């Protein structure tokens, strides 16, 4: 009995050795690939955390420059951050800061470029507000069709109410009073309780004689 068992065991060992000879490179390759993936993930996590810390540190001088309200000072502080960490939250926050300062100084073309950059390259959390601000800049430039097209591309329900309110402003600027009223009414309907857009749109709607 023991001899038979030993013979069967030797056969299995021989089969295992043969299988290993045929497949060892596949097994080794799979192990190496798994190790590389794990190491790569750990490396990416480490690099990402380090990049975020670096971006946060580079944003501090931007924050200081923002107190001046001077687009040139903000740009000088922000551009190195945007160039080095363009996909970071802090880069798009910095770009929004430059655009705001440009807008307040009447430099609408520069503000438009910065806001367009945030929409295309900035952090996802900033793209909705960048879209609204860009539409407002285009309204000030009297580029009404382009402003409306920019608002049409909004798919975020969180910005539906302010987008409708701004649409009303664009319609009003064009003298399209009925459409302005409809837009303000839509803004009120989309704004939840306590949303300031509701009262702002309501005030504008009343000034136009209500929803006629």
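Taken together, the values in this text are just the output of simple stated rules run on the coordinates, not laboratory data. Model, not experiment: these values are computed from the prediction. Reconstructed Cβ throughout: ideal geometry from the backbone, glycine too, with neighbour counts over all protein chains shown.
Structure notes:
- Projecting label points 7 angstrom from Cα along Cα→Cβ for residue 57 and residue 156 puts them 3.0 nm apart.
- Residues in region 91-108 reached by a label modelled at residue 70 [backbone nitrogen below 15 Å; 7 Å Cα→Cβ]: 101-102, 105
- Here the contact order of region 159-212, divided by its residue count and restricted to Cα pairs under 8 Å and six or more residues apart, works out to 36 percent.
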